[in-house]
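The values are calculated or read from the model by the stated rules, or taken from the named source; none is laboratory data. Computed from a predicted structure; not experimentally measured. Please note: Cβ atoms are built from the backbone with ideal geometry, for glycine as well, and neighbour counts cover all protein chains shown. Just so you know, the surface numbers come from the protein's heavy atoms only, side chains and all, with ligands and any DNA or RNA stripped out. Shrake-Rupley method; radii C 1.70, N 1.55, O 1.52, S 1.80 Å.
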Amino acid sequence: MSAKQPLQVTAIPAFADNYLWLIHDDQHAAVVDPGDAAPVEAALASLNLTLDAILLTHHHADHAGGVSALLTHRKIPVFGPARERIAGVSVSLSEGQEVALPSLGLRLSVLDVPGHTAGHIAYVAPDQHWLFCGDTLFAGGCGRLFEGTPEQMTASLQKFAALPDDTAVYCAHEYTASNLRFALAAEPGNARLAERFDHVQQCRARGEATVPSTIGIEKLTNPFLRYREPAVIATLRAAGRLDGDNPVAAFAALREWKNSFR
Ligand SMILES: [Zn+2]
């Protein structure tokens, strides 16, 4: 018997800028947010893997659109948020529950992270220090508030900020460069941020992915985790976007600004 290959996470690019995440060893796999089935099938075939589970973070089509096609020839569990209705979901999850994937020897804990959508959940692998956060946290940014409030989103992001700094952040889009351009406008004096922006631009010029990030990097450079920082508050006030220094109001002002930032 050969030694079991350690678990790894492979990015499957899809659509214009999505990443579908494949968690696998040398035989078995689970996929997070398969918005499209075709690139997942291609990855499974080329790596010679059996798909054993599907994990969904929220209901948007670019995250869940591939589920029915993936189920055509398979009978596998589909995990998804209890507070959203998504076709194909067989196990509904909310915070405090755990997912066990025995074929991968993987366990994941579930966080409720409303804001981008009303029932959005995230998956944390506590042994591996991995976070699958869907469209809640991005490298250098955060998801738009389509269904939730700034209060909900700040509470959701604080749950991520409480994870260990070395937690890998597997977010679902390649938005990092434009996010960091905005971050620099929000916090121009942040040297770590300027450094990160340079690095990310070099990666993109070489056609490389800029994710996963880590919680530690995000805490140092992401304005949507830094809305309490005096420098960020000062920028917002100087731009006439904030009165006072209420943290949730500062977060809401940042999100509002980002929505129209070019
Ligand atoms: Zn979404």
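Assorted remarks:
- For the range 80-120, the candidate set comprises residues that are of a type in the set (G, A, S) and assigned to a strand (DSSP E or B); within that set, the residue that is surrounded by the fewest Cβ atoms within 10 Å (Cβ to Cβ) is A100.
- Boolean, D25 is away from the ligand (no atom under 16 Å from the Cβ), farther than 17 Å from Y123 by Cβ and among the acidic types (D, E): yes
- Scanning the range 139-159 for residues that are touching a residue at least 60 places away in the same chain (Cβ under 8 Å), open to solvent by less than 50 Å² (accessible area, probe 1.4 Å) and within 16 Å of the ligand (Cβ to nearest atom) yields A139, G141, C142, L145, M153, L157.
- Condition met for A177 (in contact (Cβ under 8 Å) with a residue 60 or more places away in the chain and open to solvent by less than 50 Å² (accessible area, probe 1.4 Å)): no
- The numbered conditions (1) within 17 Å of L254 (Cα to Cα); (2) of a type in the set (A, V, I, L, M); (3) in contact with a Lys or Arg (Cβ under 9 Å, 6 or more places away or on another chain) are all true for L157 except (3).
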